[in-house]
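The values are calculated or read from the model by the stated rules, or taken from the named source; none is laboratory data. Predicted model, so just to flag it, every value in this text is computed and none were measured. Virtual Cβ from ideal backbone geometry, glycine too; neighbours counted across all protein chains shown. With ligands, DNA and RNA removed, areas are computed over all heavy atoms of the protein, side chains included. Shrake-Rupley method; radii C 1.70, N 1.55, O 1.52, S 1.80 Å.
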Amino acid sequence: MTQNRAFLIVMDSVGIGGAPDAAQFFNGTLPDSGANTLGHIAQARALHMPHLDALGLGAALQLASGARAPGLGATPQGIWGAATEVSPGKDTPSGHWEIAGVPVPWDWHYFPDTRPSFPPDLSARIAQAAGTEGILGNEHASGTEIIARLGAQHLRTGWPICYSSADSVLQIAAHEDSFGLQRLYRLCQDVAAMVHPMRVGRVIARPFTGAEGGFSRTGNRRDFAIAPPGQTILDAAQAAGRQTYAVGKIGDIFSHRGIAQLHKGSDAVLADHLIRLADQAAPGSLTFANFVEFDSLYGHRRDVEGYAAALEWFDAVAGQVLARLRPGDLAIFTADHGNDPTWPGTDHTRERVPVLGWGYGARAIGQVGFADIAASVAAHLGLPPVGPGKAFL
């Protein structure tokens, strides 16, 4: 068995523009044509990201979209290129599944941006599963806004707050103390069984605490995602007897399939886990990590400065990871979609993503597919081919 290790690290929503089908995806009525998460942030504020730029971040941005980024102009010393998605979505599962070797073979179901958003029979079944006379919300909404608006009513009635977005998702918010965290998880699991056959990608538990005027979401979010419809790189590694480590949302995204060890927490906590695994991960292992706060805290909230600061913080984390890698290791940094904080609306944006690698010297790979990442990781680990992609190593 090969001693080679692989680290696949997803910087959630760090798109680099240039998606050829961006005009087919929308924020409200505005197509995503021209969205460029990294490029527009860098134009608003020059970025200092020496470690990822040394791998080829600035060069990948220019390759994907033609944009030049102030502060990102290093000559690439690593694997560098840009990846284009073929799955019909710009959401977390679509991007991650395709990166792992499984392009989405269906169109997701999206709930309409109307009031009510959910079909009456589904709303009734959710209430029945919750043991309540009804549900609150039943609309597209921001999670923090709808909790602030309906949290007090939730405490009075006990009804769960149910909402959706432009993603293929049904989110359920409830108070950890008055409703109960485990009860919320059981409800979301029951609802997932109702909506997964409809091709709704995820049911997300959104617990919160506090009182009227001071509600706040907790870190106990849990995603109940539909299972990938094919073998992923995680499945292949585990089937071959390799140790697999999931960092962040990876367990939820892949329905906990193909994962031996799971590490969760804030991005700061996840950074510590990733740095430790760069030191301690077993020979022949696969570490698959997702850092979500670029997306959840800054992209959706259209916070350019916050996003820029998070990118620079993560670059320092990447530097610590790279410093601990060994001969025979492969590290790939990529993203799953865009979420341009300068763009109108609050939704993800359809973009190409960077593919930056350490372990094979300076290597320009050009324009590749998301699935080529899984094929390359499989080749590095000495596994049978995974998915439709072609290895670029």
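Can we say Q43 is surrounded by fewer than 24 Cβ atoms within 10 Å (Cβ to Cβ), under 11 Å from P354 (Cα atoms) and polar (S, T, N, Q)?
Answer is no for this residue.
Taking Q62 as the residue in question, decide whether it is more than 19 Å from V355 (Cα to Cα), in contact with a strand residue (DSSP E or B) (Cβ under 9 Å, 6 or more places away or on another chain), assigned by the TED database to the domain that holds V317 and part of a helix (DSSP H, G or I).
Judged against the criteria, Q62 is not a match.
Can you tell me which residue in region 236-266 is nearest to G359 (Cα to Cα), limited to those that are in contact (Cβ under 8 Å) with a residue 24 or more places away in the chain and surrounded by fewer than 21 Cβ atoms within 10 Å (Cβ to Cβ)? Spell out the reasoning first.
First, the residues of region 236-266 that are in contact (Cβ under 8 Å) with a residue 24 or more places away in the chain: 236-237, 240-250, 252-255, 257-259, 265-266.
Of the ones still in play, those that are also surrounded by fewer than 21 Cβ atoms within 10 Å (Cβ to Cβ) are 240-241, 243, 255, 257, 259, 265-266.
On the way: A240: 22, G241: 23, Q243: 20, S255: 30, R257: 27, I259: 24, G265: 28, S266: 28 Å.
Result: Q243.
Condition check: assigned to a strand (DSSP E or B) and either among the aliphatic types (A, V, I, L, M) or open to solvent by 60 Å² or more (accessible area, probe 1.4 Å) (or both). Does I9 satisfy that?
Working: assigned to a strand (DSSP E or B): yes; either among the aliphatic types (A, V, I, L, M) or open to solvent by 60 Å² or more (accessible area, probe 1.4 Å) (or both): yes.
Taking the combined requirement at face value, the residue satisfies it.
Looking at (1) crowded, with 24+ Cβ neighbours inside 10 Å; (2) modelled with pLDDT under 95, can you tell me which one G81 breaks?
Every condition holds for G81 apart from (2).
Does A141 satisfy the condition of being assigned by the TED database to the domain that holds D167, of a type outside the set (V, I, T), buried (at least 16 other Cβ atoms within 10 Å of the Cβ) and in contact with a helix residue (DSSP H, G or I) (Cβ under 7 Å, 6 or more places away or on another chain)?
Details: assigned by the TED database to the domain that holds D167: yes; of a type outside the set (V, I, T): yes; buried (at least 16 other Cβ atoms within 10 Å of the Cβ): yes; in contact with a helix residue (DSSP H, G or I) (Cβ under 7 Å, 6 or more places away or on another chain): no.
It is false that A141 is assigned by the TED database to the domain that holds D167, of a type outside the set (V, I, T), buried (at least 16 other Cβ atoms within 10 Å of the Cβ) and in contact with a helix residue (DSSP H, G or I) (Cβ under 7 Å, 6 or more places away or on another chain).
Is it true that some residue in region 96-103 is more than 19 Å from the chain's Cα centre (by Cα) and open to solvent by less than 40 Å² (accessible area, probe 1.4 Å)?
no
Six or more apart or on different chains, Cβ atoms under 8 Å: show the pairs whose first residue is in region 8-34 and closer than 17 Å to D295 by Cβ and not assigned by the TED database to the domain that holds A60 and whose second is part of a strand (DSSP E or B) and modelled with pLDDT under 95.
Close Cβ pairs satisfying both conditions: none exist.
Please verify whether region 58-75 includes one or more residues that are open to solvent by less than 10 Å² (accessible area, probe 1.4 Å) and either more than 22 Å from A310 (Cβ to Cβ) or not hydrophobic (A, V, I, L, M, F, W, C) (or both).
yes
Looking at (1) open to solvent by less than 10 Å² (accessible area, probe 1.4 Å); (2) of a type in the set (S, T, N, Q); (3) without any contact (Cβ under 8 Å) to a residue 24 or more places away in the chain, which is the one condition that is false for T92?
Failing condition for T92: (3).
Does W106 count as of a type in the set (F, W, Y) and assigned to a loop (DSSP other than H, G, I, E, B)?
yes
So how many residues does region 329-353 have that are over 27 Å from T2 (Cα atoms) and part of a strand (DSSP E or B)?
The qualifying residues number 3.
Please enumerate the residues belonging to region 363-393 that are out of contact with any strand residue (DSSP E or B) (no Cβ under 8 Å at 6 or more places or on another chain), hydrophobic (A, V, I, L, M, F, W, C) and in a loop (DSSP other than H, G, I, E, B).
Within region 363-393, L383, V386, A391 qualify.
Mind checking which residues of region 172-214 are in contact with a Phe, Trp or Tyr (Cβ under 8 Å, 6 or more places away or on another chain), aliphatic (A, V, I, L, M) and open to solvent by 70 Å² or more (accessible area, probe 1.4 Å)?
Passing the criteria: none in range.
Among the residues of region 85-98, is any hydroxyl-bearing (S, T, Y), under 17 Å from V355 (Cβ atoms) and in a loop (DSSP other than H, G, I, E, B)?
There is at least one residue in region 85-98 that is hydroxyl-bearing (S, T, Y), under 17 Å from V355 (Cβ atoms) and in a loop (DSSP other than H, G, I, E, B).
Please identify the pairs in which a residue from region 274-286 that is on the phi > 0 side of the Ramachandran plot has its Cβ atom under 7 Å from the Cβ atom of a residue that is assigned to a helix (DSSP H, G or I), counting only partners at least 6 apart or on another chain.
Once the first residue is on the phi > 0 side of the Ramachandran plot and sits in region 274-286, its partners that are assigned to a helix (DSSP H, G or I) give G284/L381.
Kindly indicate the residue of region 151-170 that is crowded, with 22+ Cβ neighbours inside 10 Å and over 12 Å from S117 (Cα atoms) and also modelled with the lowest pLDDT among those meeting that condition.
Among residues in region 151-170 that are crowded, with 22+ Cβ neighbours inside 10 Å and over 12 Å from S117 (Cα atoms), the one modelled with the lowest pLDDT is D167.
Can you tell which of F215, F224, F208, F254 is aromatic (F, W, Y) and closer than 22 Å to F370 by Cα?
Among F215, F224, F208, F254, only F254 is aromatic (F, W, Y) and closer than 22 Å to F370 by Cα.
Tell me yes or no: at least one residue of region 285-301 is more than 15 Å from the chain's Cα centre (by Cα), open to solvent by 30 Å² or more (accessible area, probe 1.4 Å) and either over 27 Å from G230 (Cα atoms) or not assigned by the TED database to the domain that holds T144 (or both).
The answer is yes, given that some residue of region 285-301 is more than 15 Å from the chain's Cα centre (by Cα), open to solvent by 30 Å² or more (accessible area, probe 1.4 Å) and either over 27 Å from G230 (Cα atoms) or not assigned by the TED database to the domain that holds T144 (or both).
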